[in-house]
Structure formats: C-alpha cells, structure tokens
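A short write-up of the structure that comes next.
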Amino acid sequence: MLSKIQNTFILIVDDTPKNIQLLGTVLKNVGYKIIVASNGIQALGILEKIKPDLILLDVMMPDLDGYETCKRIKESEKLKNIPVIFLTAKTQPEDIVKGFDLGAVDYIVKPFNSSELLARVKTHLELKFNQELLQTLLNFQRDMVLMTDGEKVIAANYSFLKFANCKNVEDFNLKYDHIMDLLEFEVKVEKNDVSKLLRLPKEEEFKVKMKRDNGEYLIFRIKQNVIPEKEVSILSLVDITQLENQKSSLEEKASIDELTKVYNRTKFQQLFKNILEENQVNPKSLCLVIFDIDHFKKINDTYGHNKGDDVLVNIASFIKSQIRMSDILCRWGGEEFTLLLVGSNIEDGVKICEKIRVQVQNHPFIQDRQVTVSMGITHYLPNDNLETFVARADNALYLAKRTGRNRTERN
C-alpha cells in the first residue's frame, strides 16, 4: 500500500491558506503528493494539465464555488471519474444531497478530524483503484465482458462498449433503459423479469442475439458467473455468428434433397413431429398426399436418366410454386413425393390434389410426351402416428395407380 500512497496525487481546492496548510500536512505525513488551488477557476486550470487521483473540494469559495466546480469536473469526459470529496461547514441535508447529486463521493464537515479525513480518503482511493483494476482486467479480455444486475450494466469492457457504440457504462445506460433492449434471448424473456439472469445456475451457458446500430444481428454464446451475495452476474460473450451460420447452412443442406431442392424424408419426419406438438395446443386439420410420376421408368429408358432428373426437378419446382407456405413438400424417395397440407380438410385436400394433377398433366415437362402423376390422400386421425398416416396415403396411391393412373384417390 505504501508504494501506492507515494504515487497518489491529491488536489486540494480551498480559498483559505490555513486549511490548505493543515490538509497538506496531514496528507503529506502519510506519503500522499499534494497539489493545491485557491479557487475553482485555478483548479480547473490545473486539471487541464494534471489528473490527480482524488480531489478535496471546498464548497464556499468566491467566483466559482465548489458546487459549480464539481459540476464542470463531472461534465468532462477526461475528469469525471476522479472522486470528489466536499469540504464543507454546511450540514443541512439539502446541501449534502446537492453535493451527491453533482457527483461527489463523500463530504467532510469542517473542522475535520485528521483520522476521519485519512480514513475517508483511503477508502475512496481504494475504491477508485479497484474500479480501475477491474476495468483494466475487463479490457484485457478479448471477448466482450460485462457485469449486470439483470437490468442495468454496472461495468463493461472496451469490446462490449465498442459493440454498443457507447463511450462508457453511463453512456450505455442512457442509451438503453434495460439490458434486454440489447440482448435478445433464444427463449422469450420479458423486461420485467429482471432476475432472469440471476436465476440461472452458476456458469450456465446460453445464446443471445445482439443488434448493431446498422441493423445487423450477431449471435453470441454467453457464459455466466453469478455472485449471489451481490445479486449481480458477470457475463462473458463470445461471437459465434460465423459458427452458427455454418451450422445453419449445414443443417439446411442436410434437410434438403440434393436434386429437387425440396425437403428430404428425414426433415419431413422432423417437421411432422413439430406440427403434431403444435396441434396439441392449436389443433388443425392435416391431410397427407403421396404421389409419384406415372411410368417414370419409361421416361428414363426413353430419354435417359438426365432427362428423368430434369422431370423430377421441374415437377418438384412446379408443385412447390402451387402450394401454400404452410404446406410441406418432400421427396420421399425415387419418383415418389409427399405433400402435407396443413389446415386443409379431406374435401379441400382432394380439390387441391386435383388442381395440381391437372396442371401437371397440361404442363410441357417433355416436349413430345405428356407427364402425369397419381395421387393418394388421407386425413389425420387422433391416434395416428407417421407410420399409420403414411400407410393410408400409400394405400390410396396404390388404388390410384391400379385404377388407371393420372388420378386422385382418397382413403
């Protein structure tokens, strides 16, 4: 602590030479370095050249009193973090409150007790040192780090403030009323649930999105350390946007049929499971259509497999353009496709199938040959699973093919 004291500068601002001498003696005796100013204007001039570690500021001074001097110090971006302790003979509550409102950290009543003075100076210097140490440690972190009570940001490193386009924590808290204005959780969290972060288990990891000023969203993985006794959390944010985009791209690639660019069988099964879960909350009619291209082997044999692939691609694209956003088209295998009609009853489903079937029949997929499809449709029953649902639609398709093809049958 001795080395810290010897390198600590304290600015004394008082218009009474006797007070300056007394304060200077007390502080020098324990090793502090002293700078003095006899009024507020002189103090502001000194502060343009020297940045002390703490300021002892008299309230009653001519020309520029202590309140106005403190106000100007706290308005300066370079000086505002210097702790200011008021020296005052005023003991009225409104005078004390006014000092705190202007940004002072403490006040000492004249005539002061030397031990009390040294104790308060030491306390606020240590607080300032610890805050600076915390900020330095935070800034050493390459990832974004912040401390929050679940509503406001208490401390943050340079990386986080730069992302938020803020100069400091105070600037951030002015820009954002609530930390939830910046963080967007995967699970919806209401602003008034300010204890959300604090209720998570220690060191739990979760993902959030954060929006840049330019509107771009980035994805971060957050690691949290809770300090229960202080009711705050320290959050470390790692940018995983690129990893998430790559993951999404791979997932999308894994869910799409490479040839036709519609969903594959595995993705269809997953989507069907999701829809059944949603149906438990918000029931909807479901119809399943299975269809395939009539005499597809002859198309391959006559025109070659490349032309056969073109027909598959074009039919998938054509049917996709005819269905609703809520409907799900999938390549089931070979020349066979499934179509899940969400929100359609069986009568409407048959009409949709017939419309598609006629449009396919009239579409010139091959210049000198008519391409047709056979369709089987069924509706979802309460005890159905995917296997029973598909089996009924498949039976309907078999009936359509057995009775002449290029037709729709229901089951």
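Worth a mention:
- The criterion of being buried (at least 19 other Cβ atoms within 10 Å of the Cβ) and in contact with a strand residue (DSSP E or B) (Cβ under 7 Å, 6 or more places away or on another chain) does not hold for Ile50.
- Residue list for region 122-154, restricted to those being charged (D, E, K, R), modelled with pLDDT under 90 and within 22 Å of Leu11 (Cβ to Cβ): Glu126, Lys128, Glu132
- Within region 328-350, residues that are closer than 19 Å to Asn279 by Cβ reach partners that are acidic (Asp, Glu) with beta carbons closer than 9 Å, at six or more positions or on different chains, in the pairs Cys330/Asp257; Leu339/Asp327; Leu340/Asp327; Leu341/Asp327; Leu341/Asp348; Val342/Asp327; Gly343/Asp327; Ser344/Asp327.
- Residues (of a type in the set (A, V, I, L, M, F, W, C) and out of contact with any His (no Cβ under 9 Å at 6 or more places or on another chain)) located in region 276-314: Leu276, Val281, Val289, Ile290, Phe291, Ile293, Phe296, Ile299, Val311, Leu312, Val313
- Residue among Ile10, Ile108 that is among the β-branched types (Val, Ile, Thr), part of a strand (DSSP E or B) and in contact with a Ser or Thr (Cβ under 9 Å, 6 or more places away or on another chain): Ile108
- Among the candidates Thr69, Thr91, the residue that is assigned to a loop (DSSP other than H, G, I, E, B) and either touching a helix residue (DSSP H, G or I) at 6+ places or on another chain (Cβ under 6 Å) or surrounded by fewer than 13 Cβ atoms within 10 Å (Cβ to Cβ) (or both) is uniquely Thr91.
- Close pairs (7 angstrom Cβ cut-off, 6 or more residues apart or separate chains): in a loop (DSSP other than H, G, I, E, B) in region 355-368, among the hydrophobic types (A, V, I, L, M, F, W, C) anywhere: His363/Phe318; Phe365/Val311; Phe365/Ile315; Phe365/Val371
- Output for region 297-332, where each listed residue is part of a loop (DSSP other than H, G, I, E, B) and polar (S, T, N, Q): Ser326
- Some residue of region 333-343 being more than 45 Å from the chain's Cα centre (by Cα), surrounded by 13 or more Cβ atoms within 10 Å (Cβ to Cβ) and outside any helix (DSSP H, G or I): no
- When every residue of region 120-137 is checked against the conditions, none turns out to be more than 30 Å from Ile34 (Cβ to Cβ) and touching a helix residue (DSSP H, G or I) at 6+ places or on another chain (Cβ under 9 Å).
- Of note, Thr25 does not satisfy the criterion of being in a loop (DSSP other than H, G, I, E, B), surrounded by fewer than 19 Cβ atoms within 10 Å (Cβ to Cβ), without any contact (Cβ under 8 Å) to a residue 60 or more places away in the chain and of a type in the set (Ser, Thr, Tyr).
- Take the conditions (1) at positive phi; (2) at pLDDT 95 or above; Gly333 misses just one of them, which is (2).
- Residue match in region 76-83 (condition: outside the structural domain of Asp177 (by TED's automatic domain parsing), touching a residue at least 40 places away in the same chain (Cβ under 8 Å) and either part of a helix (DSSP H, G or I) or of a type in the set (Gly, Ala, Ser) (or both)): no
- When region 213-224 is filtered for residues that are touching a strand residue (DSSP E or B) at 6+ places or on another chain (Cβ under 7 Å) and either among the charged types (D, E, K, R) or assigned to a helix (DSSP H, G or I) (or both), the ones remaining, listed by number, are Arg221, Lys223.
- Within region 225-275, restricting attention to residues that are among the hydrophobic types (A, V, I, L, M, F, W, C) and in a strand (DSSP E or B), the residue that is surrounded by the fewest Cβ atoms within 10 Å (Cβ to Cβ) is Ile227.
- Test: residue in region 40-52 that is among the β-branched types (Val, Ile, Thr) and in a helix (DSSP H, G or I): yes
- Screening Asn168, Asn157 for residues that are closer than 15 Å to Asp239 by Cβ, at pLDDT 85 or above and of a type outside the set (D, E, K, R) leaves exactly one candidate, Asn157.
The values are calculated or read from the model by the stated rules, or taken from the named source; none is laboratory data. Owing to the predicted nature of the structure, the values given are computational and were not obtained by experimental measurement. Neighbour counts run over all protein chains shown; Cβ positions are idealised from the backbone, glycine included.
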